[in-house]
Amino acid sequence: MYPLTMTLNGESVTVEVEPSDLLVDVLRDKLGLTGTKIGCNEGECGACTVIMDGQAVLSCLLPAMKAHGREVVTVEGLSHDGELHPLQQAFIERGAVQCGYCTSGLLMSAKALLDENPRPSIEEIEEAIAGNLCRCTGYFQIVEAIEAAIELRSERLDTAHF
Amino acid sequence: MWQEYLFPSSVEEALTMLAEREGRARLVAGGTDLIIQLTEGQRSANCLVDITRIPELDKITLEDGMIVLGANVTHRQAAESPLIRERATVLAEACRAMGSLQIRNVGTLGGNVVNAMPAADGSLALLALEAEAEIAHGTGRVWVPLQDLFAGPGVSRVDSTREMLTAFRFQALSERQGSALERIARRRALALPILICAVVVTLNEDSQAFDSARIALGPVAPVPFRTSQAEESLRGAPIGRETMARAGEIAMQESQPRSSLLRASKEYREEVIKVLVRRGLERAVQVARG
């Protein structure tokens, strides 16, 4: 067993892991954060997307040890003090969630995009979420929700709510 | 499954870790291919030596007209680098086409080449750029031509249980040179290619004829493939639709694509070769003419 220390959703966490553990299993099974989903388990579907040091990554392909000393954000880290993140709010309002299995991955891909580029074009949104498969929505509502979140986010920033 | 996971802080330390484990340890970079291969039992290792925290291996520099890329440069980094976009466009385009953003964020060019797939986007672009790779092993470091590293589908001549690919280098493209990547897949993102064509052209002084051209195709052979006969047909040839279409025809004849149940038949791929070679040449010429 190795001690793995990372900043997880803003808090320092240390957890004992096997050298062969993958990050998604540590998050779900050792830390109880089951918001991150396992879809294909081979890097094809994006359901396991989390953010590591500001970049969207696939936690099903990532040896947990790679997170040592890094900053990891999962879907559980999106809301603050009971207030939903603008992306979560917009996904609900725009009907971008149906079965919900892809949603956490899509939220994390979208968050990584907006954190880096607060005003992305539609093409940039599409490129950022191209690695997240959704079999329900047809994607239009998801892209609309991300666009709506851009506005919501800037309103909140203006009024210092967020 | 691997029982040890190590972070060396230098190339030398990584090589020592490998040597001490006598073939039972293996290097890992981004891991986007290797982790699946290990999980599915296609490759094995008792220990993974993670090279992504070795400083200096993630740099992109221009030295005396040569672009030098550390092996840990990710696809994302290469796709977004102004130097690569301007002076090695084909590589930027290849790196932007590969996988999804999540995979481009961690997958490295070193890993792409050592994984040795015949239609690897990065490998084909580097091949068209006539890149060399630096290999570090117990007794020193040597530069070898990229094409010498591919032994077969998924089989590299770089033995990642004993040695390490540390960098790539190639001539930055200059005036009268242009490059482009053409790719067809079943989806526009996150799909293995039906065919990829990487092209680098050099025009003559009045930009009316080809001085030379380099064309890499995949998957049309067990390894990333340079179309030497098509390239020869373009040497000194006037730039025109007919010349480029003929090059496509020759490239098709010297290629040996296979049928894939998942992606495309041999016959379809042969037609696509002709089209992508012509398109690649047209776009590379446009870039070269500025």
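For region A:102-115, the count of residues that are more than 14 Å from the chain's Cα centre (by Cα) and not small (G, A, S) is zero. Evaluation of B:R26 against the conditions (1) crowded, with 24+ Cβ neighbours inside 10 Å; (2) within 13 Å of chain A (Cβ to nearest Cβ); (3) in contact (Cβ under 8 Å) with a residue 40 or more places away in the chain; (4) not acidic (D, E) shows that the sole unmet condition is (1). Checking A:S109 against (1) closer than 13 Å to A:C48 by Cα; (2) out of contact with any Cys (no Cβ under 6 Å at 6 or more places or on another chain); (3) not in a helix (DSSP H, G or I), which test does it fail? Condition not satisfied by A:S109: (3).
Tallying residues that are part of a loop (DSSP other than H, G, I, E, B) and within 16 Å of B:G154 (Cβ to Cβ) within region B:30-46 yields 9. The residues of region A:130-144 that are over 10 Å from A:V97 (Cα atoms) and in contact (Cβ under 8 Å) with a residue 40 or more places away in the chain, listed by number, are A:G131, A:N132, A:L133, A:E144.
Condition check ((1) more than 21 Å from A:G10 (Cβ to Cβ); (2) assigned by TED's automatic domain parsing to the domain that holds A:V15) across all residues:
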position	(1), (2)
A:K37	yes, yes
A:N41	yes, yes
A:T49	no, yes
A:D53	no, yes
A:A64	no, yes
A:C102	yes, no
A:E124	yes, no
A:I129	yes, no
A:R135	yes, no
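When A:E16 is tested against the conditions (1) surrounded by fewer than 18 Cβ atoms within 10 Å (Cβ to Cβ); (2) outside any strand (DSSP E or B); (3) touching a strand residue (DSSP E or B) at 6+ places or on another chain (Cβ under 7 Å), the lone failure is (2). Summed over region A:120-139, residues that are at pLDDT below 95 and either part of a helix (DSSP H, G or I) or over 22 Å from A:G43 (Cβ atoms) (or both) total 1. Among residues that are away from every other protein chain (no Cβ under 13 Å) and closer than 23 Å to B:R104 by Cβ, A:L114 is included. Screening the candidates B:V49, B:V68, B:V90 for the property of being part of a strand (DSSP E or B) and surrounded by 24 or more Cβ atoms within 10 Å (Cβ to Cβ) yields one hit, B:V49.
Of all residue pairs spaced 6 or more apart or on separate chains, those with beta-carbon atoms under 8 Å, a first member in region B:244-263 that is β-branched (V, I, T) and a second member that is buried (at least 21 other Cβ atoms within 10 Å of the Cβ) and not in a loop (DSSP other than H, G, I, E, B) are B:I250/B:A230.
Number of residues in region B:106-150 that are touching a residue at least 24 places away in the same chain (Cβ under 8 Å), among the polar types (S, T, N, Q) and over 29 Å from A:D53 (Cα atoms) equals 1. Among the candidates B:L57, B:L6, the residue that is within 10 Å of another protein chain (Cβ to nearest Cβ) and hydrophobic (A, V, I, L, M, F, W, C) is uniquely B:L6.
None of B:S81, B:S44 is more than 14 Å from chain A (Cβ to nearest Cβ) and among the hydroxyl-bearing types (S, T, Y) except B:S81. In summary, A:R94 fulfils each of the numbered conditions (1) outside the structural domain of A:G39 (by TED's automatic domain parsing); (2) under 15 Å from A:L4 (Cβ atoms) with the single exception of condition (2). Across region A:20-52, the qualifying residues are those that are away from every other protein chain (no Cβ under 14 Å) and within 17 Å of A:M1 (Cα to Cα), and the one among them that is surrounded by the most Cβ atoms within 10 Å (Cβ to Cβ) is A:L27. Checking each residue of region B:234-244 against the condition of being under 26 Å from B:N112 (Cα atoms) and either in contact with a helix residue (DSSP H, G or I) (Cβ under 9 Å, 6 or more places away or on another chain) or not assigned by TED's automatic domain parsing to the domain that holds B:A125 (or both) gives no match. Pairs are defined by a Cβ separation below 9 Å, a sequence spacing of at least 6 or placement on different chains, a first member in region B:177-189 that is within 14 Å of chain A (Cβ to nearest Cβ), and a second member that is surrounded by fewer than 17 Cβ atoms within 10 Å (Cβ to Cβ); the pairs so defined are B:R186/B:L262; B:A189/A:E126. The test for being within 14 Å of another protein chain (Cβ to nearest Cβ), assigned to a helix (DSSP H, G or I) and of a type outside the set (S, T, Y) does not hold for A:L157. Only residues that are surrounded by fewer than 21 Cβ atoms within 10 Å (Cβ to Cβ) and of a type in the set (G, A, S) were counted across region B:244-263, and they come to 3.
Filtering A:V57, A:V13 for residues that are more than 18 Å from B:V49 (Cα to Cα) and facing chain B (nearest Cβ under 8 Å) leaves a single hit, A:V57.
The values are calculated or read from the model by the stated rules, or taken from the named source; none is laboratory data. What you are looking at is a predicted structure, and each value in this text was computed from that prediction instead of being measured. Ideal geometry is used to build each Cβ from the backbone, glycine not excepted, and the neighbour counts take in all protein chains shown.
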